[in-house]
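Here the structure is laid out as structure tokens; the discussion comes afterwards.
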Amino acid sequence: MKRAVDSSDGPESNPLREGMNEDRSAPPCALIIFGASGDLTRRKLVPAVYNLSQSRLVSSSFAVVGVARRPKPEFAAEMKEHVSRYSRRKPVDEAIWRDLAKGMSYVQGSFDEEATYEKLREELARVDRERGTAQNRVFYLAVGPDQVPEIVRGLRSAGLVLPPSEEPGAPFQRVVVEKPFGEDLPSAHALNRELLSQLAESQIYRIDHYLGKETVQNLLVLRFGNTIFEPLWSRRHVDHVQITVAEDIGVEGRGKFYEGVGITRDIVQNHALQILTLVAMEPPASWDADAVRDEKVKVMRSLRPIRGEDVLTQTVRGQYGSGMVRGDRVPAYREEPDVAPESTTETYMAMTMQLDNWRWGGVPFYMRSGKRLAKRIAEVVLHFKPLPHRLFREDGEGSAEPNSLVIRIQPDEGISMRFGTKVPGGGVAIRDVAMDFRYGAAFGSSSPEAYERLILDAMRGEATLFTRADEVEAQWGFIDAIIDGWREHDAPLSVYTAGSWGPIESNALLDEGDEWRRP
Amino acid sequence: MEAAVSDSIPAPPLPAGQLSETLNAIERELGAIWAEPDGDTGLPKVRASTLNLAVVSGASQLDGLREVTDTLSETHAGRVFLIYGDGHIPPWSIQHEVSGVCRPSGGQAAPVCNDRIELGCGAMVAPRVPSVVGALALPELPLVVGVARGAPRKISEALVTVADRVITDSSHTAVTRIAELARSTSAPVCDLEFLRTRAWRELCARFFDDALSATQAVSRVQIARTPGGEDPAALLIGWLASRLGWDLSGAVEPGRAVRRDGGPVEVELVEETVPNLPPGELLGVSMKAELSGETLSMRCWRNDASSIVHWSRRGPRHDDHEHTLGSRDEARIVAKAIDGSGGDAVCREALLAAALWQRRQGQ
């Protein structure tokens with residue numbers, strides 16, 4: 001963007017913008033969604049954009065351009081229907097929608113055709129003129145991983161993404177890539193290499209939508225925004241940590257996709273390991289994206305690999321059989337549509353992990369994730385060490401449970417601390433109580449959706465909640481070793497009843513005296 | 001603008017302990033609210049508390065304020081005090097009404113409640129209001145004091161001295177009055193009208209985004225408004241002056257400001273009536289800067305009662321855009337005022353400069 005007047009004596013920043021940061025709104029920008037006819041756009045992305053507009057977090061110079069193969073002559077009207085259905089705020093505010101719809105347009109074309117990018121370029125030039133989007137672009141690739149490289153090549157060839165400029169106020173182009181980021185380490189590495197041949201790392205935003213969840217971010221605030229927890233957050237006081245990412249639903253008609261993926265690639269490699277890094281990381285020196293991500297990568301590097309025969313004693317893989325979930329009878333995984341009757345895809349995975357560093361040496365991290373479990377829950381529980389001396393247990397009465405800190409990520413987001421208190425009356429009887437903070441109670445039920453935060457951060461250029469290349473590859477490196485080990489050693493597949501908490505074989509992963517929590 | 005609570009009639013001194021008895025009664029009623037389980041679920045009520053919010057207003061504003069604070073409690077739950085003056089109440093008395101506002105928290109879980117205490121004040125109790133509020137406020141939580149329309153002067157003045165945060169509204173309270181309040185407290189002051197006009201300020205700011213030097217070379221500002229009400233131009237001028245370092249002191253002619261480099265800034269205020277727009281609404285801003293022999297100008301204007309403004313820039317760059325000013329419900333504006341940080345210093349400086357400007361214009 002050419003400066004109107006150049007003067008070496010001028011201020012370095014716009015003094016009129018001072019104090020506007022409290023709104024943290026996005027700069028003028030066009031959001032270009034590749035895969036605009038897909039499910040993610042309908043259910044998540046456009047509703048997120050609408051809610052950002054309603055919260056006045058997008059600039060008045062904002063536009064959305066959808067790109068997909070199918071014709072969509074009524075793109076804005078169609079998106080309004082989806083917003084009406086999927087937005088967390090209803091009904092749709094007509095005034096806000098009208099303004100948003102003015103900046104919505106659509107480009108039809110195949111992603112492998114040069115003409116598509118030419119049309120897109122013309123459309124973006126029009127949008128810059130009429131909406132003032134100032135050549136700032138966020139390209140959201142809501143497409144399968146195999147289409148990502150060709151889209152990025154097409155954008156680069158058409159001059160729609162350029163090397164980033166250091167000049168203040170220069171236009172930016174960023175590319176948001178959805179998971180899965182590869183399907184193993186070699187493919188993730190190849191994808192990174194391909195993207196980095198066209199873009200700078202600073203232009204690539206790899207999404208893991210769990211990082212956009214308020215409660216996941218609250219994990220960092222809890223740890224590093226308070227003085228009382230960090231002194232307890234280590235092997236000195238923590239006996240073991242349990243991480244659970246459980247779903248009560250099955251594959252929901254996506255059997256064909258799931259057969260090639262399994263829970264380990266679908267959930268554990270990304271969401272569950274992200275939670276692990278946030279729980280286990282050292283305090284960053286600053287909230288700068290690289291400072292935070294450096295600490296997360298260090299966790300992955302200190303994670304002791306599980307490979308070879310170790311997979312047989314440190315991991316359990318399972319698959320749901322038929323059962324009852326929330327009062328309804330459900331079929332076994334192998335009876336789901338598009339699932340092979342002899343499928344060996346795992347729908348459950350549990351493991352015990354060790355972190356070889358000063359903070360966590362000797363503390364087991366138990367992780368489990370599965371489909372068709374008893375309830376939908378994602379939580380982290382720090383189980384503290386038992387008392388060194390039981391002052392109040394001489395008569396054998398009272399609870400023997402050590403303290404625990406539960407961070408509930410979903411649903412019913414919040415934090416609870418379990419501790420013992422004296423039961424009123426004679427004697428000293430101890431009962432466990434929970435001191436409970438629920439997000440919904442303190443801050444209302446309508447917290448921003450994860451995609452709202454992530455899209456906004458991509459527009460603002462804040463990469464803290466996005467995954468870096470080395471982080472993704474470290475995650476895949478850890479998971480690949482496990483999957484290879486399963487293959488080499490013919491790891492058994494344990495069937496569990498749908499509606500239970502997984503195969504009983506997972507109990508053997510725990511140290512003596514430890515038990516899987518029943519959330 | 002202040003409620004007409006007469007302080008010219010001498011009244012007998014307050015009998016010892018009278019307000020304490022009122023406080024005791026309030027505390028008993030609060031205890032009863034929290035002791036009773038929820039009528040629908042039979043479960044104990046859950047309290048959510050993030051702040052104490054004390055809003056001072058005229059009695060006529062209560063209905064509207066109840067609605068705003070109920071909505072606000074969904075995201076900023078806490079104890080709400082609605083404090084008003086009423087000439088019908090005996091001078092040394094406080095009348096009270098206590099209620100619990102509950103909302104379901106989904107499923108079979110207990111509802112989440114917060115309480116509201118309404119305090120109608122007689123003419124002489126203003127100096128004691130901070131003590132009453134202090135005794136009833138939830139511990140360890142900030143006290144946010146809002147000065148709403150018709151707020152009795154003495155009650156506002158007393159409360160802001162104990163506030164952790166003050167919220168004002170220059171759409172109905174003169175900026176000179178707000179400046180007095182701001183000087184009497186060390187708490188941050190956030191003005192609701194300052195927040196409502198953020199879009200105007202952002203549109204002004206973008207004129208200079210790629211012409212930073214022009215911020216030191218503004219020679220003319222024209223601001224248009226609808227007639228009546230409090231003058232919205234004062235706050236905008238105060239903001240421009242405080243950000244750009246203009247001198248608005250008494251040494252400068254009315255209708256002018258002086259830039260840092262000593263050059264003049266002509267300030268023209270225009271009134272226009274636009275059908276369906278209320279009094280005291282901003283209609284437009286235009287600015288001109290002279291830099292290295294070139295003239296740069298910006299104009300941001302609305303032509304009708306719609307929220308569309310036409311923004312144009314002339315000079316080495318020509319740009320024309322339309323923007324929507326947008327609208328927010330009041331609860332959200334108040335929520336932003338409560339949460340606001342980083343912009344507090346800017347708002348305070350703008351208010352003080354606006355007050356200086358307004359005094360010089362003899363308004």
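The values are calculated or read from the model by the stated rules, or taken from the named source; none is laboratory data. Fair warning: this is a prediction, and the values are worked out from it, not measured in the lab. Ideal geometry is used to build each Cβ from the backbone, glycine not excepted, and the neighbour counts take in all protein chains shown.
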Failed item in (1) more than 14 Å from chain A (Cβ to nearest Cβ); (2) surrounded by fewer than 18 Cβ atoms within 10 Å (Cβ to Cβ), with residue B:282 passing the rest:
(2)
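Is it fair to say residue B:155 is in a strand (DSSP E or B), closer than 17 Å to residue B:58 by Cβ, in contact (Cβ under 8 Å) with a residue 60 or more places away in the chain and touching a Cys at 6+ places or on another chain (Cβ under 8 Å)? Give the steps one after another, and end with the answer.
Details: in a strand (DSSP E or B): no; closer than 17 Å to residue B:58 by Cβ: yes; in contact (Cβ under 8 Å) with a residue 60 or more places away in the chain: yes; touching a Cys at 6+ places or on another chain (Cβ under 8 Å): yes.
So residue B:155 does not fit the description; no.
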Kindly indicate whether any position in segment B:338-353 is part of a loop (DSSP other than H, G, I, E, B) and touching a Cys at 6+ places or on another chain (Cβ under 8 Å).
yes
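Being away from chain A (no Cβ under 14 Å), closer than 24 Å to residue B:323 by Cβ, in contact (Cβ under 8 Å) with a residue 60 or more places away in the chain and of a type in the set (A, V, I, L, M, F, W, C) narrows it down to one residue among B:182, B:224, B:233, B:174; which is it? Reasoning before the result, please.
Details: B:182 fails: closer than 24 Å to residue B:323 by Cβ; B:233 fails: in contact (Cβ under 8 Å) with a residue 60 or more places away in the chain; B:174 fails: closer than 24 Å to residue B:323 by Cβ.
Checking each option against the conditions leaves just B:224.
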Any idea how many residues of segment B:268-316 are of a type in the set (D, E, K, R) and not in a loop (DSSP other than H, G, I, E, B)?
8
Could you say whether any residue in segment A:137-146 is touching a residue at least 24 places away in the same chain (Cβ under 8 Å) and acidic (Asp, Glu)?
no
Please report, ordered by residue number, the strands (runs of 3 or more DSSP E) entirely within segment A:297-399 with at least 3 residues that are at pLDDT below 95.
A:315-325, A:328-330, A:377-384
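Among the candidates A:517, A:453, which residue alone is among the charged types (D, E, K, R), more than 29 Å from residue A:304 (Cβ to Cβ) and touching a residue at least 24 places away in the same chain (Cβ under 8 Å)? Break it down into steps so the answer makes sense when it comes.
On the way: A:517 fails: more than 29 Å from residue A:304 (Cβ to Cβ).
Checking each option against the conditions leaves just A:453.
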Among the residues in segment A:156-179, are any assigned to a helix (DSSP H, G or I) and surrounded by 20 or more Cβ atoms within 10 Å (Cβ to Cβ)?
no
Residues satisfying the stated conditions in segment A:74-93, i.e. hydroxyl-bearing (Ser, Thr, Tyr) and either surrounded by fewer than 18 Cβ atoms within 10 Å (Cβ to Cβ) or in a helix (DSSP H, G or I) (or both)
A:84, A:86
Let me confirm something: among B:205, B:199, which residue is aliphatic (A, V, I, L, M), within 13 Å of chain A (Cβ to nearest Cβ) and without any contact (Cβ under 8 Å) to a residue 24 or more places away in the chain?
B:205
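Specify the residue that is surrounded by the most Cβ atoms within 10 Å (Cβ to Cβ); the eligible residues are those in segment B:257-278 that are under 18 Å from residue B:309 (Cα atoms) and in contact with a Ser or Thr (Cβ under 8 Å, 6 or more places away or on another chain).
Among them, the one singled out is B:277.
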Within segment A:192-206, identify whether any single residue is more than 30 Å from residue A:128 (Cα to Cα) and touching a strand residue (DSSP E or B) at 6+ places or on another chain (Cβ under 8 Å), and answer yes or no.
no
On the basis of being modelled with pLDDT of 90 or more and within 13 Å of chain B (Cβ to nearest Cβ), does residue A:45 make the cut?
no
Out of the residues in segment B:225-267 that are hydroxyl-bearing (Ser, Thr, Tyr) and either part of a loop (DSSP other than H, G, I, E, B) or touching a Lys or Arg at 6+ places or on another chain (Cβ under 7 Å) (or both), which is farthest from residue B:349 (Cα to Cα)?
B:226
For segment B:63-79, indicate whether the set of residues that are among the β-branched types (Val, Ile, Thr), in a loop (DSSP other than H, G, I, E, B) and more than 20 Å from residue B:142 (Cβ to Cβ) is non-empty.
no
